[in-house]
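Report on the following structure.
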Amino acid sequence: MMKRYNIYKKVLGLALAVLTFAACSDTWDEHYDRLGEGKNDATLWQAISQNSNLSNFAKVIQACGYDKALNSSQVFTVFAPTNDNFSAQEADELIAAYNAEKGKVNEDDNTVIKEFIQNHIALYNYSISESSSDSLVLMNGKKTLLSASSFCNSPILSTNGLYNNGVLFTIQGKARYFPTVFEYLRKDADLDSLSSFFYNSRFYRKEFIPGRSVPGGLVDGKTVYLDSVFVQQNDLWDMLWAYTNEEDSTYWMVAPTNKEWKKLIEEYEPYFNYDNFTAFRDSMAYTMPRLAIVAGTTFSRTLNTDVHLTDSAMSTDAIENYLSRQWSWGSNNLHYYQYGGKSATNTQKPFSATGVFSGTDNVECSNGLVMKSDDWKINKLNTFYQWRIYEAEDASNIKEVSKKENATTKEMEPTIAAVSREVQNNNRFYGKVWTNEFVEFRQIQATQNHTVTFNLRSVLSNIGYDIYLVTAPALANDSNATEEERLPTKLTCSINYHNQDGETETQILQSGVETNPNVVDYILLAEDFKFPTASYGLAENEALVTLDVTTKVSAPEIRSKKFTRTMRIDCIMLVPHGIANVNEERFEIAPHGDGDIFQWLKY
């Protein structure tokens, strides 16, 4: 829903921009009608080039080829710095910088074009009065303030010079160029590694905008542009929901320096080791560790006001809605990508000594702050290294159940039936069963043991998980369950996963373990278990990791009514190993006991 809103907002913004430009043009025509005698028939370029106090500015304009645009029929507003505060040496330095980049980068990426020339020119015409105070969009896409006395905080010396293709102002000194948060990444040598990721051609591209470009005529029936305007697009902005290039939004971004980036990449890369048969393996192995670093680092100031930030900070990757959090992460109390406040995974306030904003070197940008970090405070346990909770009642988590051939039809038929059970709010187990639902796997074939295979998606490699099977008691669904219905069962659990060559390997985790029929039972199947390959981020048609849960009850045990082959499974959990050391005693997990220990995390 949020992404759809963003699309609507962009469409609306484009429509408003068109209306604004149309309005400017109408006002300009009316302005000429009223002040026709004040209009000069010369072009803007003729006016600039013939003004001796603008010779330094004119020299740069001509060297960069913008004299042609300012001599065309296209309408502009130009804010020209006078020689008094823009020297010939500065002009020569800009020309040298332009020539140094010419032919090596796209013309629209040339620093001098973007940060100097286009920073002093706006498409269409603007004029001011004694009470003026308005914003305008420059050719480089920057929004700036134009008042009766200043442009982009630079004092205006002369106003409203009317020429046949626009308006000329003179200003005291160069207009300062403020990069966006996104643009700044490319300017700071300390952030080269981060910048290389964001500006990688896999994600970053530019789109041509004809309406903001300067047409120069037709050649072979096609429009040739004197100046082409492009807008930046980046798939990572959509992934992170952080449009750090937009001038009308304000963001803070915690940015790891090259030293921190190198350290994090060395730590994170082993977690995203995909088997050799994974589609686009090299691309996944490159992208995922880097995405793991940058996810949770950007904060919209719309959501994070000064008042909010005293207690907690919610990044653009966080989920604010409780129900959505439950659906995405298995619990509404798992506040991933949120720092401080009531977060179950990180209670450190953002500006505390160990908070995510602690010790950063902050750089002001046109739409927020880049917060350079040489000492990374964002814990992976609060971002990508997450609890994995696979609910039995989610049909997509069940790969298959055991089958047996029907003697009559010769067809393979299930030996058990999956029946979803709900825990009512007057039941004493309400709030102890995850999402207050579990699945009862009732036997259809009474003469054999049964197996249910669960899909365990999106696991990390070479990182320790404690694996739990969570079972529910019959009493959670029926407070009047009989003793026979309340019998325990015995289970054997095996994990199946891919090795580096894409072959499936199987390991028995527990054999013949007995369930406790009177509690929500957390059965520790494995401690600090490490998968050799990852499936994190894959769109899996078939999960690479599965768990087989099989009853192991003998016929005599059935006849003596000591055990049952009915299984009541709540969920399977992959819990980051060692999490007990992260945040207080509530993270301590009893390997085989009552579900009360997880109450703080329940939905």
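The values are calculated or read from the model by the stated rules, or taken from the named source; none is laboratory data. Worth saying up front: this structure is predicted, and the values here are computed from it rather than measured. Glycine gets a Cβ as well: all are built from the backbone with ideal geometry, and neighbour counts include every protein chain shown. To get the accessible areas, we keep the full protein, side chains included, count just its heavy atoms, and leave off ligands, DNA and RNA. Shrake-Rupley method; radii C 1.70, N 1.55, O 1.52, S 1.80 Å.
Scanning the range 352-365 for residues that are open to solvent by 40 Å² or more (accessible area, probe 1.4 Å) and part of a loop (DSSP other than H, G, I, E, B) returns A353, T354, G359. Figure legend. Inter-residue proximity from the range 389-408: first residues free of Cβ contacts under 8 Å to residues at least 40 places away in the same chain, second residues open to solvent by 80 Å² or more (accessible area, probe 1.4 Å), beta-carbon distance below 7 Å, spacing 6+ or different chains. Indicated pairs: K403/M412; E405/M412. Scanning the range 513-532 for any residue that is under 28 Å from N382 (Cα atoms), surrounded by 22 or more Cβ atoms within 10 Å (Cβ to Cβ) and of a type in the set (S, T, N, Q) turns up nothing. The criterion of at least 2 residues that are modelled with pLDDT of 95 or more and closer than 30 Å to K262 by Cβ is met by the following helices (runs of 4 or more DSSP H) wholly inside the range 139-245: 181-184, 192-198. Given the condition assigned to a loop (DSSP other than H, G, I, E, B), touching a Ser or Thr at 6+ places or on another chain (Cβ under 9 Å) and under 30 Å from Y268 (Cβ atoms), answer yes or no: does some residue in the range 502-515 qualify? Yes: the range 502-515 contains one or more residues that are assigned to a loop (DSSP other than H, G, I, E, B), touching a Ser or Thr at 6+ places or on another chain (Cβ under 9 Å) and under 30 Å from Y268 (Cβ atoms). Scanning the range 458-500 for residues that are of a type in the set (V, I, T) and either in contact with a strand residue (DSSP E or B) (Cβ under 9 Å, 6 or more places away or on another chain) or crowded, with 19+ Cβ neighbours inside 10 Å (or both) gives V459, I463, I467, V470, T471, T489, T492, I495. For L544, the test of being open to solvent by 10 Å² or more (accessible area, probe 1.4 Å), among the aliphatic types (A, V, I, L, M) and part of a strand (DSSP E or B) is failed.
Return a yes/no flag: does the range 157-168 have any residue that is in contact (Cβ under 8 Å) with a residue 40 or more places away in the chain, of a type in the set (S, T, Y) and crowded, with 20+ Cβ neighbours inside 10 Å. So far as the range 157-168 goes, yes, one or more of its residues are in contact (Cβ under 8 Å) with a residue 40 or more places away in the chain, of a type in the set (S, T, Y) and crowded, with 20+ Cβ neighbours inside 10 Å. Considering the conditions (1) modelled with pLDDT of 95 or more; (2) open to solvent by 30 Å² or more (accessible area, probe 1.4 Å); (3) of a type outside the set (K, R); (4) in contact with a helix residue (DSSP H, G or I) (Cβ under 8 Å, 6 or more places away or on another chain), Y98 is excluded by exactly one of them, (2).
Restricting R421, R428 to residues that are without any contact (Cβ under 8 Å) to a residue 60 or more places away in the chain and open to solvent by 40 Å² or more (accessible area, probe 1.4 Å) narrows the list to R428. Would you call D84 within 19 Å of I156 (Cα to Cα), out of contact with any Ser or Thr (no Cβ under 8 Å at 6 or more places or on another chain), among the charged types (D, E, K, R) and open to solvent by 10 Å² or more (accessible area, probe 1.4 Å)? Considered against the rule, which asks whether it is within 19 Å of I156 (Cα to Cα), out of contact with any Ser or Thr (no Cβ under 8 Å at 6 or more places or on another chain), among the charged types (D, E, K, R) and open to solvent by 10 Å² or more (accessible area, probe 1.4 Å), D84 comes out as yes. Restricting the range 279-299 to residues that are open to solvent by 20 Å² or more (accessible area, probe 1.4 Å) and in contact (Cβ under 8 Å) with a residue 24 or more places away in the chain, the residue that is nearest to D248 (Cα to Cα) is L291. Selection of the range 39-76 for residues being under 12 Å from T170 (Cβ atoms) and β-branched (V, I, T) yields only I48.
On the basis of being out of contact with any strand residue (DSSP E or B) (no Cβ under 7 Å at 6 or more places or on another chain), open to solvent by less than 10 Å² (accessible area, probe 1.4 Å) and without any contact (Cβ under 8 Å) to a residue 40 or more places away in the chain, does R325 make the cut?
On the way: out of contact with any strand residue (DSSP E or B) (no Cβ under 7 Å at 6 or more places or on another chain): yes; open to solvent by less than 10 Å² (accessible area, probe 1.4 Å): yes; without any contact (Cβ under 8 Å) to a residue 40 or more places away in the chain: yes.
Yes: the conditions hold for R325.
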